[in-house]
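To start, the structure under review is shown below, and the notes come after it.
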Amino acid sequence: MIHEEVSAFANTIQPNHSLIGLDLGTKTIGVAVSDTILSVATPIKTIKRKKFSIDAELLLGVISNKSCCGVIIGLPKNMDGSEGPRAQSTRAFARNFSVKTNLPITFWDERLSTVAAEKALLEADTTRKRRAEVIDHVAAAYILQGFLDRLRVLQKC
């Protein structure tokens, strides 16, 4: 099921399970996973996109191995908050993926996530080649961490 509201998604989270965060690109999918107490996001891998069915099976494998109870997908909004073709493509991916899994899915605004990931990698003095290899799953971790931080605020209310 796809939840537009973070609070509705938060009500579906199972205790002692991880969340998976995805940064969908046209050529790759960055993947990150949280710890089971939902405090820290860790970059896991970058999947080179092929066909949806192949991509979905790889993601389902990660979900199974990491005991994930929900999916956070970065939603690429325009800087003015509107949604363009990339956001529509992301929503289509989520609809198709929701057919393959019973896990709850929600979106997190990913504006500037790749920029933030790039900045962090530059500050860590990462080589250009290495940055190209890891940028997508680092961006996925940035997206997931933003969601986890928001989730903590919701849980305090």
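A few notes on this one:
- Only one entry in Ser64, Ser98 is under 19 Å from Asp35 (Cβ atoms) and of a type outside the set (Asp, Glu), namely Ser64.
- Scanning region 26-79 for residues that are basic (Lys, Arg) and within 16 Å of Gln14 (Cα to Cα) gives a single hit, Lys66.
- Among the residues of region 37-60, those identified as exposed (fewer than 15 other Cβ atoms within 10 Å of the Cβ), closer than 16 Å to Leu148 by Cα and out of contact with any Lys or Arg (no Cβ under 9 Å at 6 or more places or on another chain) are Ile37, Val40.
- Selection count where residues are under 15 Å from Thr90 (Cβ atoms), out of contact with any Ser or Thr (no Cβ under 7 Å at 6 or more places or on another chain) and among the small types (Gly, Ala, Ser), scope region 1-58: 3
- Listed by position, the helices (runs of 4 or more DSSP H) enclosed by region 52-156 that each have at least 3 residues that are modelled with pLDDT under 85 and under 19 Å from Thr28 (Cβ atoms) are 113-123, 128-156.
- Where Asp80 falls short, out of the listed (1) free of Cβ contacts under 8 Å to residues at least 40 places away in the same chain; (2) closer than 15 Å to His137 by Cβ: (2)
- In region 13-34, residue modelled with the lowest pLDDT [restricted to those that are in a loop (DSSP other than H, G, I, E, B) and among the β-branched types (Val, Ile, Thr)]: Thr26
- Any chance Asn65 is over 15 Å from the mean Cα position of the chain (by Cα), under 17 Å from Arg152 (Cβ atoms) and surrounded by fewer than 17 Cβ atoms within 10 Å (Cβ to Cβ): no
- Looking only at residues in region 1-12 that are of a type outside the set (A, V, I, L, M) and not in a loop (DSSP other than H, G, I, E, B), the one that is surrounded by the most Cβ atoms within 10 Å (Cβ to Cβ) is Phe9.
- In region 23-37, the residues that are on the phi < 0 side of the Ramachandran plot and of a type in the set (Asp, Glu) form Cβ pairs under 8 Å with partners that are crowded, with 21+ Cβ neighbours inside 10 Å and in a loop (DSSP other than H, G, I, E, B), at six or more places apart or across chains, as follows: Asp23/Glu110.
- Region 13-36, subset among the β-branched types (Val, Ile, Thr) and out of contact with any His (no Cβ under 7 Å at 6 or more places or on another chain), residue nearest to Leu154 (Cα to Cα): Ile13
- Given (1) in contact with a strand residue (DSSP E or B) (Cβ under 9 Å, 6 or more places away or on another chain); (2) among the hydroxyl-bearing types (Ser, Thr, Tyr); (3) closer than 15 Å to Tyr142 by Cα, number of the condition Ser39 does not satisfy: (1)
The values are calculated or read from the model by the stated rules, or taken from the named source; none is laboratory data. Because the structure is a prediction, the values reported are computed rather than measured. In this analysis, Cβ positions are derived from the backbone assuming ideal geometry, glycine residues included, and neighbour counts consider all displayed protein chains.
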